[in-house]
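S.K.: Structure in structure tokens, see below.
The values are calculated or read from the model by the stated rules, or taken from the named source; none is laboratory data. On a predicted model such as this, the values are computed, not experimentally measured, just so you know. Positions of Cβ are backbone-derived with ideal geometry, glycine not excepted, and every protein chain shown enters the neighbour counts. Calculation scope for accessible area: heavy atoms of the full protein, side chains included, ligands and nucleic acids excluded. Shrake-Rupley method; radii C 1.70, N 1.55, O 1.52, S 1.80 Å.
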Amino acid sequence: MNVEAQRRNIVHRILDTDNVQLLNQIEDLLNNDIYTHSTNGKPLTVKEYENHLNEIMNLSDAGEQGYSTEEARKKIIKK
């Protein structure tokens, strides 16, 4: 079964269910899916990534200094 067929099959099964507990589990699974990784390799879910971006924006708004492009490049090359 290819991915598209599997996706359609799952969607139909979800639409046909009245099991709230199952729907909650599916929602939790999707919400906790790994979305990206931090620069140090830590996996981040969508929610964790959004929180991370919000934290950066808040620090920036509060006047915190970040890294220049050159400083960031040097840090990355060191790894």
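S.K.: So, in the range 66-76, how many residues would count as being part of a loop (DSSP other than H, G, I, E, B) and open to solvent by 100 Å² or more (accessible area, probe 1.4 Å)?
M.R.: 1
S.K.: So if I check each of 48, 71, 55, which one is of a type in the set (Asp, Glu) and at pLDDT below 85?
M.R.: Result of the check over 48, 71, 55: 71.
S.K.: Exactly one of (1) under 22 Å from residue 75 (Cβ atoms); (2) within 13 Å of the chain's Cα centre (by Cα); (3) surrounded by fewer than 10 Cβ atoms within 10 Å (Cβ to Cβ) is unmet by residue 63. Its number?
M.R.: Of everything listed in (1) under 22 Å from residue 75 (Cβ atoms); (2) within 13 Å of the chain's Cα centre (by Cα); (3) surrounded by fewer than 10 Cβ atoms within 10 Å (Cβ to Cβ), residue 63 misses just condition (2).
S.K.: Still on this structure: Between a first residue in the range 43-62 that is more than 23 Å from residue 33 (Cβ to Cβ) and a second residue that is of a type outside the set (D, E, K, R) and modelled with pLDDT under 90, which pairs have beta carbons less than 7 Å apart while being 6 or more apart in sequence or on different chains?
M.R.: As it stands, the answer is 60/66, since those pairs meet every condition given.
S.K.: Could you please give the count of residues in the range 22-57 that are farther than 30 Å from residue 11 by Cβ, open to solvent by less than 100 Å² (accessible area, probe 1.4 Å) and not in a loop (DSSP other than H, G, I, E, B)?
M.R.: The total comes to 3.
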